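Participant: Handing you a structure now.
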Amino acid sequence: MDGEGGSFGLAKSAAVKLSEMGERTKQLGSAMRDPHQQKRIILVIVCVALLLDNMLYMVIVPIIPDYLADLESEQSEHVHLVLHPNTSSANSTSQDNSNKDNLDIQIGILFASKAILQLLVNPLSGTFIDRVGYDIPLLIGLTVMFVSTCIFAFAENYATLFVARSLQGLGSAFADTSGFAMIADKYTEEAERSRALGISLAFISFGSLVAPPFGGVLYEFAGKRVPFIVLASVCLADGFLLLTVIKPFSNRTRENMPVGTPIYRLMVDPYIAVVAGALTMANIPLAFLEPTIANWMETTMHSTQWEMGLTWLPAFFPHILGVFITVKLAAKNPHLQWFYGALGMVIIGASSCTVPACKTFGQLIAPLCGICFGIALVDTALLPTLAFLVDVRYVSVYGSVYAIADISYSIAYAMGPIVAGQIVHNLGFVQLNLGMGLVNVLYAPALLLLRNVCQMKPSYSERDNLLDEAPQGLYDTIKLEEVRAKKKGYSSSGNCLSVDENGFDPFRVQQSSDPDYT
């Protein structure tokens, strides 16, 4: 009897848990039917994807150099013992120096490989996103990032690490671009779009600045695999949430998707080109300082390991402040977006020029905070501007335009690990910073070209005649295409011929003229 009672109790508790799960599923389903809740859930999914991408990008900074140095020393000791068993280790000093130079090159190539592949794939991923929508490419990006993170966790040689890093670039080309495009599509009002993109930028900043200490601590106390396993688990959970909430493979509206503007046309648009150039210039100081500032701190101010590890962490707070201020200012004065971007570039330039003058760790924090504050102004002001330009000048499909933004970032971060070290070696750290600062200050006036962009107004006359509700982005455009197609006498989901205004139906003529038609 006791056994039966225990079994009954377990069955009852299981039934209660199942009913609770069912209620939560119903609540989630009802939340997804509410447009406001749906937008919030989508924003959470995208922000987690961007957080993961940037944490995976930066988490290897304290791990890989030390790990590769251990692998290199083990291999060199083995080779030395096999080839020169009777020589002392003192005779291998020149070989050690050569190995160190080779290791620096390997680390630079490994760090840059992600951005290089992302740069190459982005033109294709932008076009693909325009064709199939935003949800499936986001799922593809999360899947590839999950695979690359698992490879990172269990890799034991340089070749495998290189494959994992390159795969991350492939995943980022889909996840980052589709994520930004999905936010721009769901948040159609300029104020709320700026706010949503600002939140996503805050997650990017948090991931980039918190990942090095996160990876360093776990690597020190738990080993190389643990940081990557944690990130892979979060990535898997985000992908599962995407499948559960958005259900990308059950969405049939993509059959009627409008044709987005080709990416090459967007690239030659003068307004979009100016914005893309500003995004690249603004991120060059961060991309070039990340691989070079640690060595400079060690040689000039004799910094400790913890100081070099926490160099960028204080800059997280001014970056968040810059995002917050820009969102608030843009809501009040949207016509000054160009000015906020230009001001950010001037702040970046001035801060870059003052970095070499710092003599202590405390002094260095101020210009680094200035650089991140300026980047926040530029990104938060100009990323929504890209979506606005597409709205008023082209079709409201955002895959290609945010692929261009991702290309702009990738150019900076692809050059940084490779070019910055060579510039420091040939010209010096001071010249590198002065050059980056001067480039940003000189580019800022180019944003004057955008000062009249806010006066461009999209024409919603046909839309207002066909649809009654407020615009809803890409899938609203699909609905508009369907209604327009019905008015013209054909279905937009197929390759059907239309009936013209005189009643001529070419499909019927083709049927009657075909003797084999039954």
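Participant: Test residue 148 against the stated conditions and say whether it is closer than 26 Å to residue 63 by Cα, part of a helix (DSSP H, G or I) and among the polar types (S, T, N, Q). If you could, list the steps in order and put the result at the bottom.
Facilitator: On the way: closer than 26 Å to residue 63 by Cα: yes; part of a helix (DSSP H, G or I): yes; among the polar types (S, T, N, Q): yes.
Answer is yes for this residue.
Participant: Please pick out the residue among 278, 237 that is open to solvent by less than 50 Å² (accessible area, probe 1.4 Å) and modelled with pLDDT of 90 or more.
Facilitator: Numbers: 237 fails: open to solvent by less than 50 Å² (accessible area, probe 1.4 Å).
Selected residue: 278, the only one of 278, 237 that is open to solvent by less than 50 Å² (accessible area, probe 1.4 Å) and modelled with pLDDT of 90 or more.
Participant: When you go through 101, 96 one by one, which is the residue that is in a helix (DSSP H, G or I), farther than 30 Å from residue 264 by Cα, out of contact with any Ser or Thr (no Cβ under 9 Å at 6 or more places or on another chain) and at pLDDT below 75?
Facilitator: 101
Participant: Can you tell me which residues in region 119-142 are within 25 Å of residue 158 (Cα to Cα) and open to solvent by less than 10 Å² (accessible area, probe 1.4 Å)?
Facilitator: 141, 142, listed by residue number.
Participant: Next question. Please tell me if residue 392 is at pLDDT 90 or above and assigned to a helix (DSSP H, G or I). Working first, answer last.
Facilitator: Details: at pLDDT 90 or above: no; assigned to a helix (DSSP H, G or I): yes.
It is false that residue 392 is at pLDDT 90 or above and assigned to a helix (DSSP H, G or I).
Participant: State which residue pairs qualify: first residue more than 22 Å from residue 147 (Cα to Cα) and among the basic types (Lys, Arg) and inside region 238-257, second residue open to solvent by less than 20 Å² (accessible area, probe 1.4 Å) and at pLDDT 70 or above in any location, beta carbons under 6 Å apart, and separation of 6 or more residues or different chains.
Facilitator: 254/133
Participant: Let me ask you something else. Please determine whether any residue of region 151-160 is open to solvent by less than 10 Å² (accessible area, probe 1.4 Å), outside any helix (DSSP H, G or I) and touching a residue at least 24 places away in the same chain (Cβ under 8 Å).
Facilitator: Going residue by residue through region 151-160, those that are open to solvent by less than 10 Å² (accessible area, probe 1.4 Å) are 152-153, 155.
Those still in the list that are outside any helix (DSSP H, G or I) too: 155.
In the following step, the residues that additionally are touching a residue at least 24 places away in the same chain (Cβ under 8 Å) were identified as none.
For region 151-160, residues open to solvent by less than 10 Å² (accessible area, probe 1.4 Å), outside any helix (DSSP H, G or I) and touching a residue at least 24 places away in the same chain (Cβ under 8 Å): absent.
Participant: With respect to residue 419, determine if the residue is under 22 Å from residue 117 (Cβ atoms), within 27 Å of the chain's Cα centre (by Cα) and surrounded by fewer than 19 Cβ atoms within 10 Å (Cβ to Cβ).
Facilitator: Yes; evaluated as a whole, the condition is true for this residue.
Participant: Return yes or no: is residue 313 buried (at least 22 other Cβ atoms within 10 Å of the Cβ) and in contact (Cβ under 8 Å) with a residue 60 or more places away in the chain?
Facilitator: No, not satisfied.
Participant: Among the residues of region 422-437, write down those that are open to solvent by 20 Å² or more (accessible area, probe 1.4 Å), in contact (Cβ under 8 Å) with a residue 12 or more places away in the chain and either polar (S, T, N, Q) or in contact with a Ser or Thr (Cβ under 6 Å, 6 or more places away or on another chain) (or both).
Facilitator: Answer for region 422-437, where residues must be open to solvent by 20 Å² or more (accessible area, probe 1.4 Å), in contact (Cβ under 8 Å) with a residue 12 or more places away in the chain and either polar (S, T, N, Q) or in contact with a Ser or Thr (Cβ under 6 Å, 6 or more places away or on another chain) (or both): just 424.
Participant: Let me ask something else. Could you check region 215-241 and list, in sequence order, the residues that are of a type outside the set (A, V, I, L, M) and closer than 25 Å to residue 69 by Cβ? Working first, answer last.
Facilitator: Initially, region 215-241 is screened for residues of a type outside the set (A, V, I, L, M), giving 215-216, 219-221, 223-225, 227-228, 233, 235, 238-240.
Answer for region 215-241, where residues must be of a type outside the set (A, V, I, L, M) and closer than 25 Å to residue 69 by Cβ: 215, 216, 219, 220, 221, 223, 224, 225, 227, 228.
Participant: Only one of (1) over 26 Å from residue 351 (Cβ atoms); (2) free of Cβ contacts under 8 Å to residues at least 24 places away in the same chain; (3) of a type outside the set (Phe, Trp, Tyr); (4) open to solvent by less than 30 Å² (accessible area, probe 1.4 Å) is not met by residue 397, so which one is it?
Facilitator: (2)
Participant: Please identify the pairs in which a residue from region 343-364 that is farther than 25 Å from residue 380 by Cα and in contact (Cβ under 8 Å) with a residue 24 or more places away in the chain has its Cβ atom under 9 Å from the Cβ atom of a residue that is open to solvent by less than 50 Å² (accessible area, probe 1.4 Å) and β-branched (Val, Ile, Thr), counting only partners at least 6 apart or on another chain.
Facilitator: 358/365; 361/311
Participant: Are any residues in region 260-275 under 12 Å from residue 400 (Cβ atoms), of a type outside the set (Lys, Arg) and either modelled with pLDDT of 90 or more or assigned to a helix (DSSP H, G or I) (or both), and if so, which ones? Steps first, answer last, please.
Facilitator: Residues of region 260-275 under 12 Å from residue 400 (Cβ atoms): 260-267, 269, 272.
With of a type outside the set (Lys, Arg) added as a condition, the list becomes 260-264, 266-267, 269, 272.
Within region 260-275, 263, 264, 266, 267, 269, 272 qualify.
Participant: If you check every pair at least six apart or on different chains, which have Cβ atoms under 6 Å apart with a residue in region 206-221 that is in contact (Cβ under 8 Å) with a residue 60 or more places away in the chain first and a residue that is open to solvent by 30 Å² or more (accessible area, probe 1.4 Å) and among the β-branched types (Val, Ile, Thr) second?
Facilitator: Close Cβ pairs satisfying both conditions: 212/61.
Participant: Just to check your reading of the model, which residue among 356, 445, 367, 384 is outside any loop (DSSP other than H, G, I, E, B) and open to solvent by 50 Å² or more (accessible area, probe 1.4 Å)?
Facilitator: 445
The values are calculated or read from the model by the stated rules, or taken from the named source; none is laboratory data. The structure presented is a predicted model; accordingly, all values stated were derived computationally and were not measured. Backbone-built Cβ (ideal geometry, glycine too); neighbour counts: all protein chains shown. These accessible areas exclude ligands, DNA and RNA; they are computed on the full protein's heavy atoms, side chains included. Shrake-Rupley method; radii C 1.70, N 1.55, O 1.52, S 1.80 Å.
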